[in-house]
Every structure is written in structure tokens, then in C-alpha cells.
Amino acid sequence: MRRLVILMTVGAVLAMALISINPVSSAMLRLALVGSIAVVWLGVLILAWPSKGFRLGWAMLPGLVALPFLLPGRKMDEVELRRRYVEALSGFEGSPYHWGGEAYRGIDCSGLPRRSLRQALMAYGTGHADGGALRMALEHWWYDASAKALSEGYRGYTVSLGRKGTVKEMDYAGLKPGDLAVTQGGAHVLVYVGGNRWIQADPGLEKVATLDGRRDENHWFGTKVTLHRWIVLADP
């Protein structure tokens with residue numbers, strides 16, 4: 001029995017490592033990660049059962065991890081959250097393009113704004129002990145959203161700004177850093193970062209790059225887009 005538990009625990013640890021180094025994010029992988037974590041926790045608990053002190057501490061660990069997420073939420077500072085979001089976006093500069101990716105090792109066009117917003121929410125929630133921000137980050141991690149879904153207001157995450165055109169020619173008045181430009185048909189999404197600049201995980205460039213929407217040449221700058229804003233960053 002003990003040998004079986006050890007094998008299951010080691011197997012779950014290896015599964016967690018493989019999932020962690022895989023840049024692709026999917027519902028199946030998220031379920032596998034959660035399941036692997038549960039198996040590791042249970043396996044260690046069984047193996048450590050004779051040690052009362054360790055057993056009690058390990059048994060309490062899930063509650064301690066969950067505690068910050070149970071804290072009350074409150075109105076977030078949109079300016080600070082937006083700043084953290086744009087900083088997270090910039091942190092992916094130069095990361096390779098990888099379809100379905102949400103990691104520094106590889107990321108795609110919709111993964112870039114989703115992952116960056118999650119990082120901003122986690123940092124904000126941790127810094128302000130805001131359970132609402134942490135729960136929102138967890139929800140955004142669990143529910144995937146393509147560029148097309150973001151343009152359709154998937155799960156109420158985004159709101160349309162009611163504007164369309166091309167990045168090259170549209171009026172940028174009223175745009176805020178972090179706003180999304182989704183191509184009609186939902187094939188691609190770019191993120192405005194201010195000063196006429198847009199960041200994107202571009203499959204043509206095969207990397208995340210920030211370019212000037214007015215001066216630089218890029219295929220997506222001449223494609224018709226609709227504009228959207230994360231609801232958590234929208235004006236009250």
C-alpha cells in the first residue's frame with residue numbers, strides 16, 4: 001500500500017512539472033493540474049500520517065492557501081490595477097508566439113491580455129488583501145476566452161466601446177492603456193498601451209512585440225477591428 005501511494009505521489013509530481021513547463025493552457029490541463037495537486041497533497045498526508053505534528057500542519061495547508069481568497073472584496077483602484085496590467089503586458093515583450101500559450105515560454109494573442117490581467121489582479125489582491133481581486137484572478141484562470149469570445153463579452157469580462165476601424169487610421173481619443181482591439185471575425189487581438197503603441201503576440205513576427213500603430217508597418221494594423229475594455233477597468 002505504501003509503495004503504491006509513493007508511486008502515485010511521484011507520478012502526480014511529475015505530471016505537475018510537465019504541465020507547468022507546457023506553455024499551452026486548456027481546460028483539460030487545468031483539471032489535470034488541480035487533480036495532480038490533490039493527489040500529491042493526499043499522498044503526502046498518508047505517508048506522513050505517523051508524524052502527528054506534520055500531519056496536522058499538512059492537513060491545514062489547503063485551508064491556509066484558500067484563506068486569502070476568502071477575504072472580503074472591495075472597490076478596486078482602477079488606476080493602480082491598470083498600471084499593474086500594463087506592466088505585466090510589457091513583461092512579455094519578446095516572448096515567443098505559441099498558439100494556445102499563456103506563459104513566458106510561449107503565448108498567443110488572447111493569452112497575452114488574459115495572463116497579464118490575471119497577474120495584475122493577483123498582485124493587486126495580494127498587496128491590498130483584497131479577496132475579490134484574488135477570486136477574480138482565479139475565475140479568469142479557470143475560464144478560457146478566445147479573441148472572438150472577448151469581443152462578444154464572454155462571461156461579462158469585457159464591454160464594447162462601440163467603435164471600429166483600423167489601428168492605422170482610427171481616432172485614439174478616449175482609449176486607455178489596456179483596451180483591446182479585436183479583429184472582425186475574432187482571429188486576433190491587440191492591446192493598446194498608450195502613446196499610439198500596441199502590444200501583441202503576433203504569429204507573423206513569432207513573438208510578443210510593441211509597435212507604433214501610426215508609424216510601424218504590421219499586417220494587423222490595416223485589419224478592421226472593434227474596440228473593447230475589460231469590465232474591471234471600465235469607468236464606474
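The values are calculated or read from the model by the stated rules, or taken from the named source; none is laboratory data. The structure displayed is predicted, hence computed values, not measured ones. Cβ sites come from the backbone with ideal geometry, for glycine too, and all protein chains shown count toward neighbours. SASA here: full protein model, heavy atoms, side chains in, ligands and nucleic acids out. Shrake-Rupley method; radii C 1.70, N 1.55, O 1.52, S 1.80 Å.
Could you list, in sequence order, all residues of the range 13-54 that are open to solvent by 50 Å² or more (accessible area, probe 1.4 Å) and either not in a helix (DSSP H, G or I) or not aliphatic (A, V, I, L, M) (or both)? Answer for the range 13-54, where residues must be open to solvent by 50 Å² or more (accessible area, probe 1.4 Å) and either not in a helix (DSSP H, G or I) or not aliphatic (A, V, I, L, M) (or both): SER20, ASN22, TRP41, TRP49, PRO50, SER51, LYS52, GLY53, PHE54.
Is it fair to say LYS75 is surrounded by fewer than 17 Cβ atoms within 10 Å (Cβ to Cβ), within 25 Å of ALA234 (Cα to Cα) and not acidic (Asp, Glu)? Against the criterion (surrounded by fewer than 17 Cβ atoms within 10 Å (Cβ to Cβ), within 25 Å of ALA234 (Cα to Cα) and not acidic (Asp, Glu)), LYS75 qualifies. Only residues that are among the β-branched types (Val, Ile, Thr) and within 17 Å of the chain's Cα centre (by Cα) were counted across the range 1-33, and they come to 3.
In the range 98-112 there is at least one residue that is open to solvent by less than 60 Å² (accessible area, probe 1.4 Å), part of a helix (DSSP H, G or I) and either free of Cβ contacts under 8 Å to residues at least 40 places away in the same chain or not polar (S, T, N, Q) (or both).
Could you count how many residues in the range 203-226 are crowded, with 21+ Cβ neighbours inside 10 Å and part of a strand (DSSP E or B)? Count: 2. In the range 225-236, the residues that are in contact (Cβ under 8 Å) with a residue 12 or more places away in the chain reach residues that are of a type in the set (Asp, Glu) and not in a helix (DSSP H, G or I) with C-beta atoms within less than 8 angstrom, at least six apart or across chains, in these pairs: LEU227/ASP179; HIS228/ASP179; ARG229/ASP179. From the residues in the range 129-161 that are among the small types (Gly, Ala, Ser) and part of a helix (DSSP H, G or I), which one is surrounded by the fewest Cβ atoms within 10 Å (Cβ to Cβ)? This residue is GLY156.
Does the range 182-201 contain at least one residue that is polar (S, T, N, Q), open to solvent by less than 10 Å² (accessible area, probe 1.4 Å) and part of a strand (DSSP E or B)? Within the range 182-201, one or more residues are polar (S, T, N, Q), open to solvent by less than 10 Å² (accessible area, probe 1.4 Å) and part of a strand (DSSP E or B).
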